[in-house]
Amino acid sequence: MKKVTALLCLSVVILFSNYTYSQNSSLPIPRNIEKAIEKGTRTLNGAPGPNYRQNKSDDTIKVEIDPPTRKISGEEKIVYYNNSPDTLKQIVIRLYQDILRKGNMRDFEVDPLDINDGVTVTKLVVGGKQFKMDGTDKDISRAGTNLIIKLDKPLAPKSKTEIETSWSFIISKISNIRMGTYDSTSFFVSYFYPQVAVYDDIDGWDEQNYTGQTEMYNDFNNYNVEITTPKKFTLWATGVLQNPEEVFSSKTLEQYKKAHESNDVVRIIEEKDYQAGLVTADKEKLTYKFKAEHVPDFAFATSDHYLWDASTLVVDKETGRKTFISAAYNKNSKDFYGVAELARKAIESFSTHIPGWPFPYPSMTVFNGQGGMEYPMMVNDSSVPELKGTVHLTSHEICHTYFPFFMGINERKYAWMDEGWATMLPFDFQAANAGGFDDRADNAGSYSQFAGNEDDIPLMVLSYDLRGAGYRTASYRRPGAAYEFLRQTLGDDLFIKCLHKYMSRWNGKHPEPYDFFFTFNEASGQNLDWYFKPWFFERVYPDLSLSAKKTESGELNISITNKGGMPVPVIVKFYYDDGTNETVINKTAEVWKDGKIIFSENVNPKKNVKKIELGTAEIPDVDLKNNTAAF
């Protein structure tokens, strides 16, 4: 055991050998984070520093979708604001759909029929200068999914520039990574417009390529978007529709307005409406105009036969602010007939219970596509056969509204900062609505399968360096459990206080892990490093063992050994020979706060004990064989 412990310590030292330690924290802090603290953009108490800043853009986009060819064609004007103190000598543009470009790296296998030439850029003007897009312009570099533009006239601090571009690409048909074609006339379209990458106070330009697995890191921008479809197509998108009178039939418009005033779900579009031709305005082409302010991305979906249900919920009782909540779905997706109501309940729970923060956006649409993927005010979800799956998928993806969108998380580096919250925050809602299915136990069981293995990687290892089970465990399972047991350790009131402090400080900004750690330390009035270190930095794992023996006085001495080193709750249940049972020890993870590895307690049983059991299904444990004692 001493040899194993020494090896574990050595691995942690090697893993964080490039980190230094702040005088005010026992957590290892990387040099680039320390530099941000030194220059006043971050602080050791977790608040944004006096010099914190971030860039943004105003995006005016016009696109048209051609369903038969699956072609998206667009033009865009970007006003980009350099709010940083740095002079920018280049601008990085993301061309996400270059993930399907021949020769580019991808995390997932892609059908050869979906491999293409990526994004075709036919026009690019930056700061009044026209760039050649034929490969001959020395000031243009195109690598992976990034387009890097060298500026003749660097962009000065506190100034802005204009970018104009025209482009097109083909929507994937078979290999639908987070977006794509779901039948011949139904599409979810995301990552579709040239987007200025983030320039932040930690790393400068984010030049990490999009390869399919790691997701978003975007600035908060304003969008005015016009999307043109053929006749008879309905469209849903991020933001608020500005021209319903121009695109809907009188029947749809009436139901649409009714849903905006209804607490009950309204069937805006039913199958019979398509049969009667009563869905959209009678035009050869329809242009839907949407506006979204201070959001980190924009997505849309369209179909000429999807059904549409919606209602409106007051999410903020103090201000009366409302959210329009929709489900758009294929008539054959049996579970989706209840999704609009389920989404409404989830948003109400998030707004009033946990995280207990009013839902921050004016709309939310759950679109019946494929997989489970989130965007601001839009969700792309599969249809699933069981209630538990529908409840989990709907609540998980909607919960992402808070993390990473409202909070501006860098998912590329720290997926656990959003996926972990979207795993844990819906636990209460899921328990109340999933027909008895226990998501806490499901997460604990999944984590136990991988905990302590080689691919159970400390969460502070960057997400884009992980693959397979290692990524899944580090992004969902382990952080979901970490947040849940932190909540139990602090208690609901203090946990919510800390969470709200973190959210109030960093919504609309770009928090990174130390902003979370330091804010919780300050808001709780405690040094929680004892908890953060093992859960987020170290190669430890959940493994408790139980031993019990009778004392001379007739008591039972219960001894719990923390073999894996991870601070988890201690729950011990007694089973009596009369068939009854009770929990006699119930301790939060704080029992391991002082660093001890053995916890002991004497218990005077009320009855004759037949068996003692350690743990529950909701507490991960890699070895259950040493969790019982029989008498």
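Just wondering, is there one or more residues in segment 567-585 that are under 17 Å from P542 (Cβ atoms), among the charged types (D, E, K, R), touching a residue at least 24 places away in the same chain (Cβ under 8 Å) and in contact with an Asp or Glu (Cβ under 9 Å, 6 or more places away or on another chain)?
Within segment 567-585 (the criterion being under 17 Å from P542 (Cβ atoms), among the charged types (D, E, K, R), touching a residue at least 24 places away in the same chain (Cβ under 8 Å) and in contact with an Asp or Glu (Cβ under 9 Å, 6 or more places away or on another chain)), the answer is no, since none of the residues qualifies.
State which residue pairs qualify: first residue closer than 16 Å to Q208 by Cβ and inside segment 139-154, second residue aliphatic (A, V, I, L, M) and in a loop (DSSP other than H, G, I, E, B) in any location, beta carbons under 7 Å apart, and separation of 6 or more residues or different chains.
Matching pairs, first to second residue: G144/M105; T145/L95; L147/L95.
For a quick check of your reading of the model, give me the residue pairs whose first member lies in segment 544-562 and is more than 13 Å from F631 (Cβ to Cβ), whose second is in a strand (DSSP E or B) and small (G, A, S), with beta-carbon atoms closer than 6 Å and at least 6 apart or on different chains.
Correct list of pairs: S559/S547; S559/S600; T561/S545.
Pick from F536, F599: which is buried (at least 16 other Cβ atoms within 10 Å of the Cβ), of a type outside the set (A, V, I, L, M) and under 30 Å from G408 (Cα atoms)?
Details: F599 fails: under 30 Å from G408 (Cα atoms).
Unique residue meeting the criteria: F536.
Just the residues that are farther than 23 Å from I202 by Cα and β-branched (V, I, T), please, taken from segment 399-445.
The answer is T401, T423.
Give me a count of the residues in segment 78-127 that are buried (at least 21 other Cβ atoms within 10 Å of the Cβ) and more than 29 Å from the chain's Cα centre (by Cα).
Selection size over segment 78-127: 2.
Given N581, N527, N604, which one is at pLDDT below 95 and surrounded by fewer than 21 Cβ atoms within 10 Å (Cβ to Cβ)?
Only one candidate passes the filter, namely N604.
I'm trying to understand the selection: among the residues of segment 265-281, which are part of a loop (DSSP other than H, G, I, E, B) and under 17 Å from I227 (Cα atoms)?
Initially, segment 265-281 is screened for residues part of a loop (DSSP other than H, G, I, E, B), giving 265, 270, 276-279, 281.
Hit for segment 265-281 is A281, nothing else.
Tally time: how many residues in segment 447-472 are surrounded by fewer than 20 Cβ atoms within 10 Å (Cβ to Cβ) and assigned to a helix (DSSP H, G or I)?
Residues flagged as surrounded by fewer than 20 Cβ atoms within 10 Å (Cβ to Cβ) and assigned to a helix (DSSP H, G or I) within segment 447-472 amount to 7.
For segment 231-254, which positions are under 18 Å from Y329 (Cα atoms) and surrounded by fewer than 21 Cβ atoms within 10 Å (Cβ to Cβ)?
K232, T252
Where residues in segment 324-381 are of a type in the set (F, W, Y) and assigned to a strand (DSSP E or B), which of them is farthest from D309 (Cα to Cα)? Before you say what the answer is, go through the steps one by one.
Within segment 324-381, the subset of a type in the set (F, W, Y) is 324, 329, 336-337, 350, 357, 359, 361, 367, 375.
Of the ones still in play, those that are also assigned to a strand (DSSP E or B) are 324, 329, 367, 375.
Working: F324: 11, Y329: 9, F367: 11, Y375: 19 Å.
Filtering first and then ranking leaves Y375.
How many residues, within segment 473-498, are assigned to a helix (DSSP H, G or I) and either at pLDDT below 95 or out of contact with any helix residue (DSSP H, G or I) (no Cβ under 8 Å at 6 or more places or on another chain) (or both)? Before you say what the answer is, go through the steps one by one.
Start the filter on segment 473-498 by keeping residues that are assigned to a helix (DSSP H, G or I), which leaves 473-490, 492-498.
Still in the list and also either at pLDDT below 95 or out of contact with any helix residue (DSSP H, G or I) (no Cβ under 8 Å at 6 or more places or on another chain) (or both): 492-493, 496.
Counting residues in segment 473-498 that are assigned to a helix (DSSP H, G or I) and either at pLDDT below 95 or out of contact with any helix residue (DSSP H, G or I) (no Cβ under 8 Å at 6 or more places or on another chain) (or both) gives 3.
How do the pairs read when you match residues in segment 424-445 that are surrounded by fewer than 20 Cβ atoms within 10 Å (Cβ to Cβ) with residues anywhere that are small (G, A, S), using Cβ under 6 Å and keeping only pairs 6 or more apart or on different chains?
Listed by first residue and then by second, the contacts come to A441/A617.
Only one residue in T145, T161, T136, T165 is hydroxyl-bearing (S, T, Y) and in contact with a Gly (Cβ under 8 Å, 6 or more places away or on another chain). Which one? Walk me through it before giving the result.
Details: T145 fails: in contact with a Gly (Cβ under 8 Å, 6 or more places away or on another chain); T136 fails: in contact with a Gly (Cβ under 8 Å, 6 or more places away or on another chain); T165 fails: in contact with a Gly (Cβ under 8 Å, 6 or more places away or on another chain).
Going through T145, T161, T136, T165 in turn, just one is hydroxyl-bearing (S, T, Y) and in contact with a Gly (Cβ under 8 Å, 6 or more places away or on another chain): T161.
From the residues in segment 316-371 that are in contact with a Cys (Cβ under 9 Å, 6 or more places away or on another chain) and farther than 24 Å from M179 by Cβ, which one is surrounded by the most Cβ atoms within 10 Å (Cβ to Cβ)? Quick ask: steps written out before the conclusion?
First, the residues of segment 316-371 that are in contact with a Cys (Cβ under 9 Å, 6 or more places away or on another chain): 346, 350, 355.
From what is left, the residues that are farther than 24 Å from M179 by Cβ are 350, 355.
Details: F350: 24, P355: 21.
By that ranking, first place goes to F350.
The values are calculated or read from the model by the stated rules, or taken from the named source; none is laboratory data. All figures in this text were calculated on a predicted structure; none of them were measured in a lab. As a convention, Cβ positions derive from the backbone with ideal geometry for all residues, glycine included, and neighbour counts pool all protein chains shown.
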